[in-house]
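Heads up, the thing below is written out as structure tokens.
The values are calculated or read from the model by the stated rules, or taken from the named source; none is laboratory data. What you are looking at is a predicted structure, and each value in this text was computed from that prediction instead of being measured. Glycine also receives a Cβ, built like all others from the backbone with ideal geometry; neighbour counts cover every protein chain displayed. For the accessible areas, the whole protein counts, side chains as well, though only heavy atoms, and no ligand, DNA or RNA atoms are used. Shrake-Rupley method; radii C 1.70, N 1.55, O 1.52, S 1.80 Å.
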Amino acid sequence: MIDTSRDSLIPISLATLSVDTALGIDIYLRSSVRDRPVLFCGGDDIPDRKRFARLCEDGDVRLFIDRNERPKYQAYLCENIDTLLENESSMSPLEQLSVLSEVMRDVLDEQFSKRDTGQIVTISQKLGECTSRVLSNQPPLTKQLCSVLHHDYATFTHSTNVSLYCSVLAKALGFSEQDISEVAAGGLLHDVGKLQIDPRILTKPDRLDEFEYREIQKHPTIGFCELREREDVTLAQLMMVYQHHERCDGSGYPVGITAEEIHPYSKVCSIVDVYEALTSHRPYRHPMTVSTALSVLERGGEREFDPEMLRCWRQLVTE
Ligand SMILES: [Fe+2]
């Protein structure tokens, strides 16, 4: 008999289940926090369409799988992401991006904890293609997109949001479908160097001291060194990893280069990276409103960020 105690089960998102495919893993359901989880669907069963639809309407219901089945669940997500998106032709681009963001978070959470760079790159490139395909129909309003994303402090959540924001901004700037795919994957990878920074520094609730701040500032270089030999990472993506904290006026790090030396993809990434951080929960503050975050971004006038890109981002998040 399965142990359904709190610690042995991990939550999964409803959006990541396909009603046409058996997951190969038992899925449990809990209607409220106090209820004991019950079996919803056996591993070999295909989720019942009507029951599934009812669940989707009920916001309080949560699904779980056994913690030990997580690798199998990850493999299912990677294998089925295309089907998950394509099967639901009735889904709007916003709903598709919501599904995609759930999958991105789930997969990155797992892969980031394993620190398997090869796997992280392979999956990021695939998810980048999916994002580009979804956006090629009709990009959703960015404001709505922000409202369906998670806004916690985890690096995998931040990377997911940065990836989707990068893609929407790139689309609005007229990037090609191929470029958007590249930027989306680059967004997922941009903070890969943080995986080697002490988590106690990354999640410290107080102001960082000088040593800690210098440690964090190493992450673009660490990420660059980790990816530079890889043939499956493009030069532009490598630049997103290395240059996303550079600023057009030379005030950024790790090198302090200026506008003309910063890759356009890195400029896109730098704007949405700051915006995402400001509008998400942090251990030491509440998320900022859209207008406050924009005024912080624009505080540096046209010196820190590419002015045209910044104007475009303002338009996207306020229209
Ligand atoms: Fe970063």
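For a 18 Å ceiling on Cα separation, which of these pairs sit above it: 171/267; 143/171; 114/204; 204/267; 126/267?
114/204; 204/267; 126/267
What does the convex hull of the Cα atoms come to per residue for segment 133-179, in Å³? Intermediate values should be presented prior to the final figure.
Working: hull volume 3.7 nm³, N = 47.
That works out to 78 Å³ per residue.
Where does helix 93-114 land angle-wise versus the long Cα axis of the chain, in degrees 0 to 90, nearest 10?
90 degrees
Could you check the spin-label model distance between residue 196 and residue 176? Points 7 Å from the Cα along Cα→Cβ, value in nm.
3.3 nm
How big is the accessible area of residue 150 in square angstrom, nearest 10, if you roll a 1.4 angstrom probe over the protein chains?
70 Å²
Tilt of helix 70-87 relative to the longest C-alpha principal axis of the chain, in degrees (0 to 90, nearest 10)?
It is inclined by approximately 80 degrees.
Taking Cα pairs under 8 Å and at least six residues apart, what relative contact order does the chain come out at, in percent?
Across the chain, relative contact order equals 13 percent.
Within the accessible area of the chain, what % is carbon and sulfur when the probe is 1.4 Å and the other protein chains stay in place?
Answer for the chain is 49 percent, counting heavy atoms of protein chains only.
Residues with beta-carbon under 12 Å from that of residue 72, excluding residue 72: net charge, scoring Lys, Arg +1 and Asp, Glu -1?
Summing Lys/Arg as +1 and Asp/Glu as -1 gives -3.
Kindly report the accessible area of segment 203-262 per residue (heavy atoms of protein chains, probe 1.4 Å, no ligands, DNA or RNA), in Å².
It amounts to 56 Å² per residue over segment 203-262.
Using a 1.4 angstrom probe and counting only protein chains, how large is the accessible area of residue 291 in Å², to 10?
Solvent-accessible area, nearest 10 Å²: 80 Å².
How large is the accessible surface of residue 76 in square angstrom, using a 1.4 angstrom probe and rounding to the nearest 10?
Here the accessible area works out near 10 Å².
With angles folded into 0 to 90 degrees, how steeply does helix 177-189 sit against the dominant principal axis of the chain? Use alpha carbons for both and round to 10.
The helix 177-189 is inclined about 90 degrees to the chain.
Could you order 289, 21 so the one with the most accessible surface comes first? Probe is 1.4 Å.
The most accessible residue leads, giving 289, 21.
In whole Å, largest first, what are the principal axis extents of the Cα atoms in segment 91-318?
Computed over segment 91-318, the largest-to-smallest principal extents equal 48, 39, 35 Å.
Going by average Cβ neighbours within 10 Å, how do the peptides 223-229, 269-275 rank, with the highest at the top?
269-275, 223-229
Segment 101-205: percent of C-alpha pairs farther apart than 24 Å?
More than 24 Å apart: 21 percent of the Cα pairs in segment 101-205.
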